[in-house]
Amino acid sequence: MLKKEFAPFENKIWLSSPTMHGEEIEYVTEAYKTNWMSTVGKNINEVERIICEKVGCKYAVGLACGTDSLHLAMKLAKIKPGDTVFCSDMTFAATVNPVVYEGGVPVFIDTEYDTWNMDPVALEKAFELYPDTKVVVMAHLYGTPAKLDELKAICDRHNAIIIEDAAESLGATYKGVQTGSFGYCSAISFNGNKIITGSSGGMLLTDSYEDACKVCKWSTQSRENAPWYQHEEIGYNYRMSNVIAGVVRGQLPHLEEHIAGKKAIYERYKEGFKNLPVSMNPIDFENSEPNYWLSCMIIDSDAMCKQVRSDDKPLYAAEKGKSCPTEILDTLVKLNAEGRPIWKPMHAQPFYRMNGFVTREGNGRAATDAYISGGSVGKDGNPLDVGMDIFERGLCLPSDNKMTIEEQDKIIEVICACFE
Ligand SMILES: *Cc1c(COP(=O)(O)O)cnc(C)c1O
């Protein structure tokens, strides 16, 4: 139900679609004309070199996607069947699935309210519950760096390594240092909706020459140095294409420009919503500079109308002066604009329902069930299951760099109308 009528946009406003500049097609054409239509070539070499320079890592290996990069990161981390691996909980499933590809068992660590990333307090609790854990996989959600110093200190104390999922955060910095350079190794993504894109593609980043060689070898079917196809270990067909690399190469000079555009979008939303009972996704300005990949908002608890979500359908009851993500997302659809719910926490996914989940007060499995059936509050008065709370009250807003100011103003106006 629309509280007010608005004419829909003629051209769809996307959540985050590719923004091309022209150089991309030149590098792709160069690959074509020189016949380097393969997984070797100058575009790959150049893109790997430029990313190393940008992020500040020693080696970058171009792969077919970010998920592949995370998979090979799990192999570098030597995850074996049955190993517990601590993972960000409120994130895209691709952060976590690669753990399972290697037989690892994800245990999900709840989210904090300051950056919407892995909660260091919950991580500390997790090491009490699962002291043998040696690997932590953490994401920088929506391009906002996590509390890296705190998380790293805890991991160091417990002799665990961090694998950084920087798929959403290319170009973001923490204390002046680029994300993607903090982990034992890291993954980035050039998926079509990321801050820069190759249409697809990803990279594994590392400071170890040996590890970079391993990833290169694994990603090209693990051929041994022999005159025939000789294999001593399992291989994968994960290498980046030189054509895709051409697109990425053309995009790279525009990374900072994309970030500036996204930042302006974030700030316009922030200003536009200043009289609403909502906040934007939080940023720890003291320590970090995000890449503003997606602008998100979260509705104050007391301004939420009734909303329930089953496994595949939402339902809500419109109410004067209040709204909810479902009402706003439905309204955006009618306007021919694309929003998106916050990543539904992994511990609440049917596939991962048997996996451990740790909140800031300890083992959270039972607490989650209680939360879903009516709410469970921690000693500090906040919901115990932070991820589910943000999922219920938050949403991603149209954050496309090609959206005009007028278009964004209209989106702001429409969202304001949801609260009338
Ligand atoms: C996009 C994304 C990935 C996966 O990247 P692909 O290139 O699409 O495989 C992994 N983790 C997060 C957090 C992402 O947003």
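The values are calculated or read from the model by the stated rules, or taken from the named source; none is laboratory data. Quick caveat, the model's predicted, so the values are computed rather than measured. Virtual Cβ from ideal backbone geometry, glycine too; neighbours counted across all protein chains shown.
Overview of values
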quantity	calculated
Total residues in segment 322-343, condition buried (at least 18 other Cβ atoms within 10 Å of the Cβ) and part of a loop (DSSP other than H, G, I, E, B)	7
I234 at pLDDT 95 or above, over 25 Å from T29 (Cβ atoms) and among the β-branched types (V, I, T)	yes
Which numbered condition L255 misses (of (1) more than 20 Å from the chain's Cα centre (by Cα); (2) in a helix (DSSP H, G or I); (3) in contact (Cβ under 8 Å) with a residue 60 or more places away in the chain)	(1)
Filtered residues of segment 149-163 (kept if closer than 18 Å to P290 by Cβ and free of Cβ contacts under 8 Å to residues at least 40 places away in the same chain)	E150, L151
Residue, nearest to the chain's Cα centre (by Cα), within segment 377-396, restricted to residues that are small (G, A, S) and closer than 17 Å to I109 by Cα	G387
Unmet criterion (only one of (1) under 28 Å from K344 (Cα atoms); (2) surrounded by 16 or more Cβ atoms within 10 Å (Cβ to Cβ); (3) not acidic (D, E)) for V47	(1)
Pairs with Cβ under 7 Å, 6+ apart, first in segment 296-308 and free of Cβ contacts under 8 Å to residues at least 60 places away in the same chain, second part of a helix (DSSP H, G or I) and not aliphatic (A, V, I, L, M)	C305/E327
Matching entry among K194, K175 (being modelled with pLDDT of 95 or more, basic (K, R) and within 15 Å of the ligand (Cβ to nearest atom))	K194
Filter result for F108 (within 16 Å of the ligand (Cβ to nearest atom), farther than 14 Å from S69 by Cβ and at pLDDT 95 or above)	yes
